[in-house]
Amino acid sequence: MRHHLFPLIPAMAVLLLAAGCQPSVTPDKPFQNDLLKKTVGPAVVGDRIEFAYAVGTTEGDLKNVKAEASIAGGAGTGFSRFSWYTNRSTGVDQPLQTATDTVTNGAVSTANILDVATNKAVTLRYYYYPTADTKGKDVSFRFSGTSSTGAEVSFQSPSYRISNMDMKRTIVLADGAKAYVSLADMTAYTKAEVEQNNLASKIDFVYIYRATLGTGNFAFGHALVSPSNPDYLKDVTLPTGLAKPRTAIDKRVDVKDAQLRGTAGFDVFIDDIDLQQTTFTKAADYAYGLAADQGAFVKTADGAYAAYVYVNAVNNTAKTMTVSIKRLKLN
């Protein structure tokens, strides 16, 4: 998608236009609006969709803007009180308070614009947080703005499919402590927690750290190991009642995910189809030597879930590994 700026009021403000979307009005109209979807990854529960909604007028002042979602979003859905502009010297977007208040009631979000002479054109951020009820559904948005003259403009967005995946970021695994991971719960437990809460049937893999292992002391490092593995867990006392399911674990050093990483660096994403179509015919029941920005595709022994476990960070001294997970229920 290519971006450009359209001058509405010379030397005072600019209206952000997204060339990949059809403008809702012609350039000679005194009241205009446009929309840019800023997020490019899958729409996943646990993350947000971000839009930049731009409105501007040469007649009167801006009074308010509104967004109506076809399905109500979760907590955090609504407009920011700040307009954004690009610093010409740095190229960095910077905020400027533009709205006096913002309110979200059900599927409708509103923002009242500050009553100042310079507010002829603004670009507000709108955030939508998908809920569990929206998974697998399409959601769309109608944005609109009103001026002091009573004029109104509106922009209808396309429909966006909400992913069926679940996502959880920043799970800290610790060798000998929070080492037992359940994909059903997307949570790491200690041995005591597994036993006290009768969670043994939910554990899919165990995290361990060993600098070296086995005959010849070969390099081992940070590892995810299925309870079925007879070698790599032989020095681990597993929780009472833990069965030994063979969780399929396919280590990948070439698969990235920007949402799981949580910081800039690349625009690559795991989507539903990646977890639906991943095959595990040659997968092992372990993955060792894991490092940051690597990961593993994982499938539970009962075939209920497929997931991608992404490594955010490792710490050899603390014997910890921080992971984030995208998970899809298969049956």
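The values are calculated or read from the model by the stated rules, or taken from the named source; none is laboratory data. If you're wondering where the values come from, they're calculated on a predicted model, not measured in any experiment. Cβ atoms come from the backbone with ideal geometry, glycine included; neighbour counts cover every protein chain shown. The protein model used for the area step is the full one, side chains on, heavy atoms only, and it has no ligands, DNA or RNA in it. Shrake-Rupley method; radii C 1.70, N 1.55, O 1.52, S 1.80 Å.
Neighbours of L238 by Cβ distance under 9 Å: Lys/Arg scored +1, Asp/Glu scored -1, total +2.
Charges were assigned to the Cβ only: +1 to each Lys and Arg, -1 to each Asp and Glu. The resulting dipole of region 197-331 about its Cα centre is roughly 320 debye.
Within straight-line reach of K282, meaning a Cα separation under 16 Å, sit the following lysines at least 8 residues removed in sequence or on another chain: K251, K299.
For region 141-184, the solvent-accessible area with a 1.4 angstrom probe is 41 square angstrom per residue.
All other residues whose Cβ lies under 12 angstrom from that of V298 are scored, Lys and Arg at +1 and Asp and Glu at -1, for a net of +3. A protection proxy built from the mean count of other Cβ atoms within 10 Å ranks the segments 81-93, 127-139, 254-266, 289-301, most packed first, as 289-301, 127-139, 254-266, 81-93. Cut-off 11 Å, label point 7 angstrom out along Cα-to-Cβ of N316: give me the residues of region 178-218 whose amide nitrogen falls inside. Answer for region 178-218: 211-212.
Considering only alpha-carbon pairs that sit under 8 angstrom and 6 or more positions apart, the relative contact order computed for region 194-250 is 37 percent. With a cut-off of 9 Å between beta carbons, the residues surrounding E50 carry a summed charge of +4, where Lys and Arg count +1 and Asp and Glu -1. For the listed residue pairs K234/K256; K168/K319; K137/K191; K137/K256, the alpha carbons are over 30 angstrom apart in K234/K256; K137/K191. Think of the chain as having a plus end and a minus end, set by charges on the Cβ of Lys, Arg, Asp and Glu; of M165, T123, T317, T317 sits farthest toward the positive end of this dipole.
Checking [x] 0.96; [y] 1.06; [z] 1.10 against the coordinates, the calculated Rg/Rh (Cα atoms, Kirkwood Rh) falls under label [z]. Rolling a 1.4 Å probe over the protein heavy atoms of region 141-192, with every protein chain left in place, gives an accessible area that is 49 percent carbon and sulfur.
Ranking A243, F51, S144 by Cα position along the charge dipole of the chain, where only Lys, Arg, Asp and Glu carry charges on their C-beta atoms, puts A243 farthest toward the positive end. For K202, which aspartates and glutamates qualify as cross-link partners when the Cα separation must be under 13 Å and same-chain residues fewer than eight apart are set aside? Once the sequence-local aspartates and glutamates are set aside, what remains near K202 is D185, E193, D302. Only the Cβ atoms of Lys and Arg (+1) and of Asp and Glu (-1) were treated as charged; on that basis the dipole of the chain about its Cα centre amounts to roughly 400 debye.
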